[in-house]
Amino acid sequence: MKVGRLSTALVAVGLMGLGGVAQAAAVYVTTSDGGIWQYDSVADMFSQTSSVTSGVLVATQASYATDQGSTMDLSTGHIYRVTGSGDVVEYATLSGYLANTGGATIATALFTGSTALNGFSYDGNTGGFYGTMPSNGDVRSWASMADVLTNTGTTAAASYGGNLFNLYDPDGTTLIAGGGGVYTAGDEFEGHYYQSAGNGNLEGWATVTLYAASPTNRGTLVGSDTQNVFGGNTTAWGANVDAVAAFAVPEPSVAILGCLGLLGLVRRRR
């Protein structure tokens, strides 16, 4: 009985401390050969070079190779794919997405022609979604998934017609501005919104508003090889393989995993 009470108390104490423990967000990148690569963080993505990947291949789904975008709704944990044919497919879990099982098509041929997308992402600031349109390079925003499914949104004029993916990261990564926009060259800011340009460069912005306003509001991680990393002439995943989609997934904290491990240790000693 005393051991049982002790194990329960240990878990309770661990859970009480979770509020002060930051969660790291892993990033899942889909490539044009259907590979799904896991990165520990956005910083890990920046460490990739044009010839060597810093990610780990965790699944391969050939049908994902032509996706227009994919993202996780961080308020529900559901994952949404915009397929090459413009369908929207919903998965209730990450494991379902990785295995391509349990997916439900909730819209058909919605994003085609002039409404097609080059990227699609959750927006953590609004709880909605945003993406880029290859037809004109504009940034399109939707307030909710219900609005996505009717393509009821707002459009901001921009110049991102050739980008490869959009990505929102809930973790802030310190980026260095190149200058020419709202920042002076060398200024530091916290990046949350990312894209790969058509040439494969990985770039970040502080907000969607600054992203839509100008490419010059971007920053990168100093010291990283950001040239042709996720597209263009990259050979990191093999010849002629580019990124097509990316999304962040908050991971369980080290604290709760350690707490559960301790509970298992206590139970084994009973």
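For region 145-159, a residue qualifies if it is open to solvent by 40 Å² or more (accessible area, probe 1.4 Å) and within 23 Å of Ile106 (Cβ to Cβ), and the qualifying residues are Ala146, Asp147, Leu149, Thr150, Thr152, Thr154, Thr155. When only residues in region 201-222 that are under 16 Å from Leu175 (Cα atoms), part of a helix (DSSP H, G or I) and β-branched (Val, Ile, Thr) count, which is modelled with the highest pLDDT? Applying the filter and picking the extreme gives Val208.
Quick one: which strands (runs of 3 or more DSSP E) lie wholly within region 118-170 and hold at least 2 residues that are without any contact (Cβ under 8 Å) to a residue 24 or more places away in the chain and within 15 Å of Ala212 (Cα to Cα)? Break it down stepwise before answering.
Numbers: elements: 119-123, 128-132, 139-142, 154-156.
It comes to 139-142, 154-156.
Yes or no: region 88-107 includes at least one residue that is of a type in the set (A, V, I, L, M, F, W, C), more than 21 Å from His192 (Cα to Cα), free of Cβ contacts under 8 Å to residues at least 40 places away in the same chain and in a strand (DSSP E or B). Within region 88-107, one or more residues are of a type in the set (A, V, I, L, M, F, W, C), more than 21 Å from His192 (Cα to Cα), free of Cβ contacts under 8 Å to residues at least 40 places away in the same chain and in a strand (DSSP E or B).
For region 175-200, enumerate the residues that are of a type in the set (Ser, Thr, Tyr), open to solvent by less than 50 Å² (accessible area, probe 1.4 Å) and in a loop (DSSP other than H, G, I, E, B). Matches in region 175-200: Tyr183 only.
For region 27-85, name all the residues that are more than 23 Å from Asn233 (Cβ to Cβ), of a type in the set (A, V, I, L, M) and in a loop (DSSP other than H, G, I, E, B). If the condition is that a residue be more than 23 Å from Asn233 (Cβ to Cβ), of a type in the set (A, V, I, L, M) and in a loop (DSSP other than H, G, I, E, B), then Leu74 is the only one that fits.
Scanning region 1-51 for residues that are open to solvent by 70 Å² or more (accessible area, probe 1.4 Å) and at pLDDT 95 or above, we see that the one that is farthest from the chain's Cα centre (by Cα) is Asp33. Among the residues here, Asn233 qualifies as in contact (Cβ under 8 Å) with a residue 60 or more places away in the chain, surrounded by fewer than 16 Cβ atoms within 10 Å (Cβ to Cβ) and not in a strand (DSSP E or B).
The values are calculated or read from the model by the stated rules, or taken from the named source; none is laboratory data. In this text the structure is predicted, and so the values were computed from the model without any measurement. No Cβ is skipped: glycine too gets one built from the backbone with ideal geometry, and neighbour counts run over all protein chains shown. Quick note on the areas: whole protein, heavy atoms, side chains included, nothing else; ligands and nucleic acids left out. Shrake-Rupley method; radii C 1.70, N 1.55, O 1.52, S 1.80 Å.
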